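The structure appears right after this line, and notes come after that.
Bear in mind these aren't lab numbers, they're just calculated from the coordinates by the rules spelled out. Keep in mind the model is a prediction, meaning the values are calculated, not measured. Neighbour counts are summed over all protein chains in view; Cβ atoms, including those assigned to glycine, are modelled from backbone coordinates with ideal geometry.
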Amino acid sequence: MSASDPSRTHLSRRGLLRSAAALGGAAALGGALSACSSSSGGSGGTAITHWDYYDSQEPWVKNELALFGRAHPSIHVKRTKNAQASYDNLFNLAERSNRAPDTFFLTKQTVPINQQVQKGWLLPLDKYATAEWIRSFPPYSFVEGLNVFDGKIYSAPFTGSGPANQLYINNKVFRDAGLTNPNGSVQVPKTWDDMSRAAATIKAKSGGKTYGLGFGNGSTNLFAWWFDVLVRAAGSPGGATGLDMRTGKYTYGTDRNYADLIELIMDWKKKEYFYPDSLSISDEIARAYFERGKFGMTVGGVWNEAEWTSHGFTDYSITTLVGPEEARKGYFYTTPASSPLLAINAHTKHPDAAWEWFSWWYGKDAGVRWTQKYHEDLSVHPEANDASKISFKPFADFVALDKLAIGGPQPWIRNPATSSVVVPPVQPDLGAVVAGVYSGQIKNVSSALKSLGDRSQSALEQGIQEAKKQGLKVSAADWVFSDWDPTKPYKWDIPEYPK
């Protein structure tokens, strides 16, 4: 995660009125905007409200609500599941009208967390976050500038840090093409050339009926996922972001790995290795087509696994960080504390009850169920991330990939003021540029990548200048870590735990 993640979203008057009407409707109808609502236990005792946007993770949430209700029969949690795409605007509108829930997923786009603290939206957890509770989390879980502000804790990390995206292999497609090892296991690609050979073999052995590769770019530009998986291992530590923290520069136009990968993608397209409608179908359809064996390889995240399992599809393998050579020259890079998830409303009328639900959500037992029973993701609690205790091989393989995510440098660790730097989003971004090349709309790849790098650099500089105008002591030097070796974990110069 880079310090340039936050972006501003402006509401037009029409959009504001539409959101306001939606908020009122949601309140009147018990959450009309949400895909569903659920609750813990009966309706007696203290009632608190909770908002999140977990969809595929809903079975875990409902189970935790049921377990919490049995353990705390005097507390009734009324949960509303919102649509993630509209969550930021909906929540900010709720705050403006003093109708925010008691506990909620943090919104981070339109209003950065530090500004939410300044506005008095979030409850400091000093009364509840004892030293014992704090140390139940791994070191570097609570960091000034991320979930700690002026020494006060406001949230905590929930998921662990692993590779954000993976290369998925349909085992049946590979077996049908004869892409197997002597022991019968499939030949999981280790290099770009391996992927090319596998795609060529799949096409040839199927008579062109099955494709080697596929994706769904119709609703969202997903090419960034492919770059994260394929250029980091090539020695481009910025991955899809393009920001090389060794120099503080965006390297889309100067690091040949980006151009080389685009050339490879276009070669795959020319040789008809890609499913032909990949640019127009949605990611959801692409996942279904991969499941049905229309193509042998795709890129995505661990969220795919829950959906495929629900459909009875489990015959696949995963890997990540596939580069031009087997020896990896880069990794996925983690931040201390990962990303804070849940907070308590500073104006809740039931802070003690809200804390009971908050601490249950973050408990080790809930984390073990999250990872080992429901196979959702890594947990912040290392005890939960034991691949040997997971019987479902594809997810156990994902958990075992956590070693490919190592600590990386972050500006806000060295200078917490940089957490307030809001970098305006750049469009067209990497995904849009690659889609433009893929569709033939962009002819000059070198020029397009140089422009993307220049625009990204200007956006960072603009964010820094705006922060300076607000009196913050930040500079471009905060993004430079000249001593960093991308093949080794970066040592964070911060306390393991708050004092």
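Between 0 and 90 degrees, rounded to the nearest ten: what's the tilt of helix 351-361 against the longest Cα principal axis of the chain?
The angle comes out near 20 degrees.
Enter the per residue convex hull volume of the range 148-229, computed from alpha-carbon coordinates, in Å³ rounded to the nearest integer. Write out the running numbers ahead of the final one.
Details: hull volume 14.0 nm³, N = 82.
That works out to 171 Å³ per residue.
What is the packing order of peptides 432-444, 287-299, taking the mean over residues of other C-beta atoms within 10 Å and listing the highest first? Numbers along the way, then the final one.
Values: 432-444: 16.5, 287-299: 22.2.
Descending mean neighbour count gives 287-299, 432-444.
To make sure I understand, if each residue's beta carbon is the centre and we count other beta carbons within 10 Å, what order do Asp228, Asp454 fall in, fewest to most? Provide the component values of the computation, followed by the final result.
Values: Asp228 25, Asp454 14.
By the 10 Å Cβ count, ascending, the order reads Asp454, Asp228.
First select every other residue whose beta carbon is under 13 angstrom from the beta carbon of Gly208; then total the charges, Lys and Arg +1, Asp and Glu -1.
+4
Where nothing but the Cβ of Lys and Arg (+1) and of Asp and Glu (-1) is charged, how large is the charge dipole of the chain around its Cα centre, in debye to the nearest 20?
Taking the Cα centre of the chain as origin, the dipole is about 720 debye.
Measuring from label point to label point, each 7 Å out along Cα→Cβ, what is the Lys468 to Leu67 span in nm?
If labels sit at Lys468 and Leu67, their model points lie 5.1 nm apart.
Going down the list Lys190/Lys269; Lys172/Lys209; Lys270/Lys329, which pairs span over 24 Å between their C-alpha atoms?
Violating the 24 Å Cα-Cα cut-off are Lys270/Lys329.
How charged is the neighbourhood of Tyr331? Take every other residue with its Cβ under 12 Å from the Cβ of Tyr331, and add Lys/Arg as +1 and Asp/Glu as -1. Can you show the working numbers first?
On the way: positive: Arg232, Arg328, Lys329, Lys403, Lys488; negative: Asp228, Asp402, Asp485.
Residues near Tyr331 contribute +2 overall.
What is the extension gain from Gln115 to Glu272, computed as 0.36 nm multiplied by their sequence separation minus the C-alpha to C-alpha distance, in nm to one decimal? Working shown, then result.
Numbers: separation 157, 0.36 × 157 = 56.52 nm, distance 4.94 nm.
Extra length available between Gln115 and Glu272 comes to 51.6 nm.
So how strong a dipole does the range 166-334 carry about its Cα centre when Lys and Arg Cβ are +1 and Asp and Glu Cβ are -1, to the nearest 20 debye?
It comes to approximately 300 debye.
Among DSSP bridges having both ends in the chain, what percentage is antiparallel? Round to the nearest 5. Before the final figure, lay out the partial values.
On the way: 23 of 40 bridges.
In the chain, DSSP labels about 60 percent of beta bridges as antiparallel.
How large is the helix-only mean residue ellipticity at 222 nm for the chain, computed as the sum of -39500 (n - 2.57) over DSSP H runs with n ≥ 4, divided by its residue count, in deg cm²/dmol to the nearest 500?
-10500 deg cm²/dmol
Round to the nearest 0.05 the FRET efficiency obtained for Arg99 and Lys450 when R0 = 60 Å and r is the Cβ-Cβ distance.
Efficiency, from the Cβ-Cβ distance: 0.80.
Post the alpha-carbon centroid distance, the range 163-236 to the range 318-371, in whole angstrom.
29 Å
Need one word for the range 41-80: rounded, prolate or oblate. Basis is the Cα gyration tensor (sqrt eigenvalues a ≥ b ≥ c); a/c below 1.5 gives rounded, then a/b vs b/c decides.
oblate
Below 8 Å, C-alpha to C-alpha, sequence gap of six or more: please give me the relative contact order for the chain in percent.
Working: 906 pairs, mean separation 109.7, N = 499.
Worked out over the chain, it gives 22 percent.
Take every Cα pair under 8 Å in the range 166-334 that's 6+ residues apart, average their separations, divide by the length, and report that relative contact order as a whole percent.
Result for the range 166-334 is 41 percent.
For the range 47-167, just say rounded, prolate or oblate: build the C-alpha gyration tensor, square-root its eigenvalues into a ≥ b ≥ c, call rounded for a/c under 1.5, and beyond that prolate if a/b exceeds b/c, oblate if not. Could you put the intermediate results ahead of the total?
Details: a/c = 1.15, a/b = 1.07, b/c = 1.07.
Rounded shape, in that the Cα axes give a/c under 1.5.
What does the charge add up to near Val480, with Lys and Arg as +1, Asp and Glu as -1, over the other residues with Cβ less than 13 Å from its Cβ?
0
Counting DSSP beta bridges in the range 166-334, what percent are antiparallel, to the nearest 5?
Values: 11 of 15 bridges.
Of all bridge pairs located within the range 166-334, approximately 75 percent are antiparallel.
What shape does the range 396-440 have by the C-alpha gyration tensor, where a ≥ b ≥ c are the square roots of the eigenvalues, rounded means a/c under 1.5, and otherwise prolate means a/b greater than b/c and oblate the rest?
Verdict is oblate for the range 396-440.
Rounding to the nearest 10 and keeping the result within 0 to 90°, find how far the Cα-based axis of helix 58-71 lies from the longest principal axis of the chain.
Compared with the principal axis, the helix lies near 30 degrees.
Which one of Trp192, Ser206, Gly162 is farthest out on the positive end of the charge dipole of the range 143-275, using unit charges on Cβ (Lys, Arg +1; Asp, Glu -1) and the Cα centre as origin?
Highest projection toward the positive end goes to Ser206.
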